[in-house]
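A.B. asks: Quick one: the structure is below, questions incoming.
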Amino acid sequence: MDTIDLKIINVLKENSRATTSEISKKVSLSIPAVAERIRKMEEAKIIEKYTIKINREKINYKLLAFVFVNIDKTENIEDFRKSIVQCNSVLECHHVVGEYDYLLKILVEDTKSLENFLSNILKKIKGVLKSNTIIALSSLKENINIESYAK
């Protein structure tokens, strides 16, 4: 990867639907050269997927929470992992170091939905020993990926 690849990635991060023609103008490279670079980044799995950012409030998902989870025994970790990745409310699941084993980023409609997730889904997964929930009041910065440094 070079600075031109990083510039292409920055354009795609701003608008994943940008055409190769639009990108070529912004990075000062021919359309075929841009298309080839994108193809190579896709093949190398540098670009894994194209997506959109949804305004959560406009689709009535207003409560963002972070849930720390402890698993009781090592033999229950795999069951937890298989179960948690199936939950639509879970945006992210991270294995972490420290007091807790996992950190979940949860998106739900409201406190009733959060209560349902915690009581009827999370705590019923075999091995979940305890959890600690933090509700986000607002989000000042939220990027999908790291900022590329070639501007």
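The values are calculated or read from the model by the stated rules, or taken from the named source; none is laboratory data. Model, not experiment: these values are computed from the prediction. Heads up, the Cβs are rebuilt from the backbone with ideal geometry, glycines too, and the neighbour counts pull from every protein chain shown.
A.B. asks: Could you check how many residues of the range 106-124 are of a type outside the set (Ser, Thr, Tyr) and farther than 17 Å from ASN60 by Cα? Walk me through how you get there before you give the answer.
C.D. replies: Keep residues of the range 106-124 that are of a type outside the set (Ser, Thr, Tyr), which gives 106-110, 112, 114-118, 120-124.
Filter once more, keeping what is farther than 17 Å from ASN60 by Cα: 118, 120-124.
Here the count works out to 6.
A.B. asks: Restricting attention to the range 16-59, which residues are closer than 29 Å to LYS141 by Cβ, of a type outside the set (A, V, I, L, M), over 17 Å from the mean Cα position of the chain (by Cα) and assigned to a loop (DSSP other than H, G, I, E, B)?
C.D. replies: Scanning the range 16-59 gives ARG17, THR19.
A.B. asks: A further question on this structure: Among the candidates LEU114, LEU104, LEU64, which residue alone is assigned to a helix (DSSP H, G or I) and either at pLDDT 95 or above or farther than 24 Å from LEU140 by Cβ (or both)?
C.D. replies: After ruling out the rest, the residue left standing is LEU114.
A.B. asks: Does at least one position in the range 119-135 carry a residue that is free of Cβ contacts under 8 Å to residues at least 40 places away in the same chain and touching a Lys or Arg at 6+ places or on another chain (Cβ under 8 Å)?
C.D. replies: no
A.B. asks: Here's a follow-up. Using the structure shown, decide if GLU92 is in the same structural domain as LEU122 (by TED's automatic domain parsing) and over 19 Å from ILE135 (Cβ atoms).
C.D. replies: no
A.B. asks: Now a separate question. Only one of (1) surrounded by 14 or more Cβ atoms within 10 Å (Cβ to Cβ); (2) modelled with pLDDT under 95 fails for THR51. Which number is that?
C.D. replies: (1)
A.B. asks: What number of residues in the range 100-131 are closer than 23 Å to ASP72 by Cβ, among the polar types (S, T, N, Q) and surrounded by 12 or more Cβ atoms within 10 Å (Cβ to Cβ)?
C.D. replies: Going through the range 100-131 one residue at a time, the tally reaches 2.
A.B. asks: Could you list, in sequence order, the residues of the range 125-151 that are outside any strand (DSSP E or B) and over 28 Å from LYS13 (Cβ atoms)?
C.D. replies: ILE125, LYS126, GLY127
A.B. asks: Test SER16 against the criterion of being hydroxyl-bearing (Ser, Thr, Tyr) and either at pLDDT below 95 or within 26 Å of ILE121 (Cβ to Cβ) (or both), and give yes or no.
C.D. replies: Here the answer is yes, as SER16 does meet what is asked.
A.B. asks: Given the conditions (1) over 30 Å from LEU6 (Cα atoms); (2) assigned to a loop (DSSP other than H, G, I, E, B), which single one is not true for LEU122?
C.D. replies: Only one criterion is unmet by LEU122, namely (2).
A.B. asks: Scan the range 74-100 residue by residue and report those that are part of a loop (DSSP other than H, G, I, E, B) and under 21 Å from GLU115 (Cα atoms).
C.D. replies: Hits for the range 74-100 are VAL85, GLN86, CYS87, ASN88, SER89, TYR100.
A.B. asks: Could you check, for the range 113-133, whether at least one of its residues is within 15 Å of the chain's Cα centre (by Cα) and β-branched (Val, Ile, Thr)?
C.D. replies: Taking the range 113-133 as the starting set, the residues that turn out to be within 15 Å of the chain's Cα centre (by Cα) are none.
Checked against the condition, which is being within 15 Å of the chain's Cα centre (by Cα) and β-branched (Val, Ile, Thr), the range 113-133 yields no hits at all.
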